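*Asks:* Please see the structure below; I have some questions.
Read the figures in this text as sums done on the coordinates, not as results from a lab. Note that this is a predicted model, so its numbers are computed, not measured.
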Amino acid sequence: MENVPSCLSSFIDTGSRESHRYYLARRTTLEMLRDRGYDVPTSEIDLSLQEFRSVFSQQPNLEQLRISVPLLSDPTKKVMVIFCGNEVVKKPTATRILQQITNSADLHKLILILENKITAQAKQHLKLCRVKVEDFQITDLLVNITKHVLMPKHEILSSVEKDKLLKKFSVGENQIPRMLETDAVARYYGLEKGQVVKVTTDSDVTGPLVTYRCVM
């Protein structure tokens, strides 16, 4: 810092790299949950890095980073997000996680944020969970991919809208271009097989171009 001009010093982050990573990943996760229809306070998403560090410190406690929010359409259904730290997630860790959510009757989805790999045994053990379990690498959440300038707009159709679309074009579900369930956008929105997405791409030449994708 001694050799940095004063006009640039305000742009240099002197805090811990760890807290910065957790700040970015937690913010993207909150945005993802909001876009999935969960009741996420705007104040949580709008926290600055400095405010985040004042709340969670330079070395955030993983327990404090946890997120639990209800669906706007059905407050009796909640999602829980657990940050797993930098250790490899093995079967004993998976067992502890399942024990922690045993009494969460209103839980309908669990999301794990990983900083290391998760073993095949742990993944298999998590299948015993009564709710759907998703996992993301923390590096995949440092940036919100849906905000990229080149990313088309994605809108998830309801079952009614999907039926109208199929009738309008007289096509079957298997005739719609596919989007894999493992696609980054599909994972961001938590899409499942059979759901249809309206994709709008802006073009300076042709104007808005609308296509549809069915998750497979």
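*Asks:* Mind jotting down the three principal axis lengths of the chain based on Cα atoms? Whole angstrom, largest first.
*Replies:* If we take the Cα atoms of the chain, the spans are 67, 50, 32 Å.
*Asks:* Please determine, in degrees from 0 to 90 and to the nearest 10, the orientation of helix 91-100 with respect to the longest principal axis defined by the Cα atoms of the chain, where the helix direction is its Cα long axis.
*Replies:* That helix lies at roughly 80 degrees to the long axis.
*Asks:* How big is the Kirkwood radius of the range 137-181, worked out from every pair of different alpha carbons and given in Å to one decimal?
*Replies:* Computed over Cα pairs of the range 137-181, the Kirkwood hydrodynamic radius comes out at 13.3 Å.
*Asks:* Can you flag which of K90/K127; K77/K198; K91/K127; K147/K198; K127/K198 are past 20 Å Cα-Cα?
*Replies:* From K90/K127; K77/K198; K91/K127; K147/K198; K127/K198, over 20 Å: K77/K198; K127/K198.
*Asks:* Moving on. Nearest 5 is fine: what % of DSSP beta bridges in the chain come out antiparallel, could you say?
*Replies:* Roughly 50 percent of the DSSP beta bridges within the chain come out antiparallel.
*Asks:* Now, a different point. Quick one: angle between helix 17-35 and the longest Cα principal axis of the chain, in degrees between 0 and 90, rounded to 10, please.
*Replies:* 30
*Asks:* Let me ask something else. Let me check against my output: what whole-number percent is the relative contact order of the chain, with C-alpha pairs under 8 Å and at least 6 apart?
*Replies:* Dividing the mean separation by the residue count of the chain yields 15 percent.
*Asks:* Something else: Can you check how the C-alpha radius of gyration of the range 93-216 compares to 2.2 N^0.38 Å, as a plain ratio?
*Replies:* That works out to 1.31 for the range 93-216.
*Asks:* Once phi is turned into ³J(HN,Hα) by the Karplus curve 6.51 cos²θ - 1.76 cosθ + 1.60 with θ = phi - 60°, what whole-Hz value does each residue of the range 147-159 show in order, with x for glycine and proline?
*Replies:* 8, 5, 4, 8, 7, x, 7, 10, 10, 7, 7, 6, 4
*Asks:* Let me ask something else about it. For the range 146-215, what is Rg from Cα atoms divided by 2.2 N^0.38 Å, rounded to two decimals?
*Replies:* Rounded to two decimals, the normalised Rg is 1.12.
*Asks:* Okay, next question. Nearest 500 deg cm²/dmol is fine: what mean residue ellipticity at 222 nm does the chain get from its DSSP H runs of n ≥ 4 alone, each adding -39,500 (n - 2.57), divided by its residue count?
*Replies:* -9000 deg cm²/dmol
*Asks:* I've got another one for you. Each residue of the range 166-171 in turn: what ³J(HN,Hα) in whole Hz from Karplus with 6.51, -1.76, 1.60 and θ = phi - 60°, glycine and Pro shown as x?
*Replies:* Going residue by residue, I get 4, 5, 4, 9, 6, 10 Hz, with x marking Gly and Pro.
*Asks:* A further question on this structure: Report, ordered by chain and residue number, the aspartates and glutamates lying within cross-link reach of K132, taken as a straight Cα distance under 15 Å and ignoring same-chain residues fewer than 8 apart.
*Replies:* Straight-distance partners of K132: D106, E181, E192.
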